[in-house]
1. Could you work out how far helix 134-160 tilts from the main Cα principal axis of the chain, as a 0 to 90 degree angle to the nearest 10?
2. Among LEU41, LEU101, TYR136, whose Cα sits farthest toward the positive end of the charge dipole of the chain (+1 at Cβ of Lys/Arg, -1 at Cβ of Asp/Glu, about the Cα centre)?
3. Give the angle, between 0 and 90 degrees and rounded to the nearest 10, that separates the Cα long axis of helix 33-63 from the longest principal axis of the Cα atoms of the chain.
4. Sketch the reach of a paramagnetic label on GLU35 as a point 7 Å from Cα along Cα-to-Cβ, and name the residues of the range 138-166 whose backbone nitrogen lies under 12 Å away.
5. Only Cα pairs under 8 Å and at least 6 apart count here; give the relative contact order of the chain as a rounded whole percent.
6. Quick one: dipole size for the chain, taken about the Cα centre, charges +1 on Lys/Arg Cβ and -1 on Asp/Glu Cβ, in debye to the nearest 20.
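The numbers here are math on the coordinates, done by the rules we state, and not lab data. Predicted, not measured: the structure shown is a model, and the values here were computed from it. Here Cβ is always computed from backbone atoms with ideal geometry, including for glycine, and neighbour counts include all displayed protein chains.
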Amino acid sequence: MSNRLPPSAVVLGVLGLIPFVALGISAQAAGEDAESQRYLLALLGYGAVVLAFLGGVHWGFVLSPTALAEGASEPPRRDAFRLAMGVLPSLIGWAALLTALLGVPEVGLVVLIAGFVVTVAAESRLRQRGQMPAGYMALRWGLSVVVLMVLVAVLALRLIGARILL
């Protein structure tokens, strides 16, 4: 698989970090509890959407015209795993958001953190098998580290009851 990514993929990936950082800071800087909760729900919602997008990448690999033209070159079991990788991140993101909506946002953050960790770890395993482009994985690791730093920081600050003063 190619190691090169279009420059626009890198730029858009980095720009996709802006809502994570902005919402993470806002969730901890907001003065009112209700306002803080709105920012936290927005952060969890954005994280759930991003996880769903990351899952969709796997469907793209399985259903791409190149993969379909190759026919049965990949065992059906491998395709089934890739298709499952397309759905599971969406379900994890939804569970994180649902947990927060049910009144336990800290648990929602833990679920979202686990979702990002599991997704990038599974993709790294696929990369070791030559099923993910190295360039994509380099970008994914870089972006995932920032996302996880934000989510873990928000969780830690919420658990100790701290606020960010701006």
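1. Once rounded, the angle reads 20 degrees.
2. Positive-most Cα among the choices belongs to TYR136.
3. 0 degrees
4. 166, by backbone N distance to the label point.
5. RCO, the chain: 33 percent.
6. Numbers: 11 positive and 8 negative charges, 92 e Å.
Using Cβ point charges on Lys, Arg, Asp and Glu, the chain gives about 440 debye.
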